[in-house]
1. Can residue 109 be described as assigned to a strand (DSSP E or B), buried (at least 16 other Cβ atoms within 10 Å of the Cβ) and within 12 Å of the ligand (Cβ to nearest atom)?
2. Spot the failing condition for residue 87; the list is (1) part of a loop (DSSP other than H, G, I, E, B); (2) farther than 26 Å from residue 11 by Cα; (3) touching a strand residue (DSSP E or B) at 6+ places or on another chain (Cβ under 7 Å), and only one is missed.
3. Taking residue 151 as the residue in question, decide whether it is free of Cβ contacts under 8 Å to residues at least 60 places away in the same chain, open to solvent by 70 Å² or more (accessible area, probe 1.4 Å) and either more than 10 Å from the ligand (Cβ to nearest atom) or out of contact with any Leu (no Cβ under 9 Å at 6 or more places or on another chain) (or both).
4. Does residue 165 meet the test of being open to solvent by 40 Å² or more (accessible area, probe 1.4 Å) and aromatic (Phe, Trp, Tyr)?
5. Where residues in the range 1-32 are touching a residue at least 60 places away in the same chain (Cβ under 8 Å) and part of a loop (DSSP other than H, G, I, E, B), which of them is nearest to residue 87 (Cα to Cα)?
6. Would you mind stating whether residue 159 is open to solvent by less than 20 Å² (accessible area, probe 1.4 Å) and among the aliphatic types (A, V, I, L, M)?
7. Looking only at the range 116-142, which residues are more than 9 Å from the ligand (Cβ to nearest atom), open to solvent by 70 Å² or more (accessible area, probe 1.4 Å) and in contact (Cβ under 8 Å) with a residue 24 or more places away in the chain?
8. Go through the range 4-45 and give me each residue that's more than 16 Å from the ligand (Cβ to nearest atom), open to solvent by less than 50 Å² (accessible area, probe 1.4 Å) and touching a Cys at 6+ places or on another chain (Cβ under 6 Å).
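The values are calculated or read from the model by the stated rules, or taken from the named source; none is laboratory data. This structure is a prediction, so every number in the text was calculated from the model and none was measured. Reconstructed Cβ throughout: ideal geometry from the backbone, glycine too, with neighbour counts over all protein chains shown. Keep in mind that these areas ignore ligands, DNA and RNA; they rest on the heavy atoms of the full protein, side chains included. Shrake-Rupley method; radii C 1.70, N 1.55, O 1.52, S 1.80 Å.
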Amino acid sequence: MSDISRVLISAEELDRITTRVAAEIDRDYKDVEGRIVLVCVLKGSIVFMGDLMKKLTVPVEIECVRISSYGSGTTSGGRINLLLDVDRADIGECNLIVVEDIIDSGLTLTFLVKHLIDKGAKSVRTVTLLDKPSRRKVDFKTDYVGKEIPDEFVIGYGLDYDERYRELPYVGILDPSVYS
Ligand code: PRP
């Protein structure tokens with residue numbers, strides 16, 4: 001716990017957030033035609049997506065994508081590479097919901113949404129657990145948001161610093177002494 005300055009979002013609040021977001025998605029997708037496919041953006045979104053999908057009542061399928069953006073540490077880089085793609089012949093029947101843990105500059109989702117539309121998806125929407133609107137480099141608005149947060153370095157509930165802290169059941173603020 002000494003690496004963590006403070007808990008920003010407790011496990012109980014995360015539970016309330018995922019319940020609300022799942023209800024919003026249920027409401028919007030209950031009468032949709034075609035398949036509903038959650039797309040997990042590895043690795044950080046694994047925990048959020050696992051909790052979110054358990055709370056949905058609409059039937060969903062899952063896919064995973066992996067993206068690398070160059071740059072490390074506490075800031076996200078600008079160059080984007082797709083390391084794992086959605087690969088299915090029926091993409092034209094798929095209503096994709098891209099699941100992110102956090103939006104920062106907006107570059108990752110801007111790239112990914114365009115890529116999935118270009119591949120022929122029936123529809124593409126996005127959901128993020130955390131949103132840092134103050135960090136945007138491109139104008140990107142997500143369809144479903146768990147919580148807007150200030151520009152702090154957050155870890156836990158899937159989010160890492162140098163691959164650590166993903167297993168924490170809450171979202172915490174990393175003490176600057178860890179990375180400075
Ligand atoms: C994080 C996060 C998003 C992206 C958001 O991934 O999960 O994918 O950065 O940043 P952006 O809005 O500035 O593009 P990260 O590269 O840390 O990978 P990880 O999920 O594997 O930890």
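1. So residue 109 fails the test.
2. Going through the list (1) part of a loop (DSSP other than H, G, I, E, B); (2) farther than 26 Å from residue 11 by Cα; (3) touching a strand residue (DSSP E or B) at 6+ places or on another chain (Cβ under 7 Å), residue 87 breaks only (3).
3. Considered against the rule, which asks whether it is free of Cβ contacts under 8 Å to residues at least 60 places away in the same chain, open to solvent by 70 Å² or more (accessible area, probe 1.4 Å) and either more than 10 Å from the ligand (Cβ to nearest atom) or out of contact with any Leu (no Cβ under 9 Å at 6 or more places or on another chain) (or both), residue 151 comes out as yes.
4. It is false that residue 165 is open to solvent by 40 Å² or more (accessible area, probe 1.4 Å) and aromatic (Phe, Trp, Tyr).
5. 32
6. The answer is yes for residue 159.
7. 119, 122, 125, 139
8. If the condition is that a residue be more than 16 Å from the ligand (Cβ to nearest atom), open to solvent by less than 50 Å² (accessible area, probe 1.4 Å) and touching a Cys at 6+ places or on another chain (Cβ under 6 Å), then 37 is the only one that fits.
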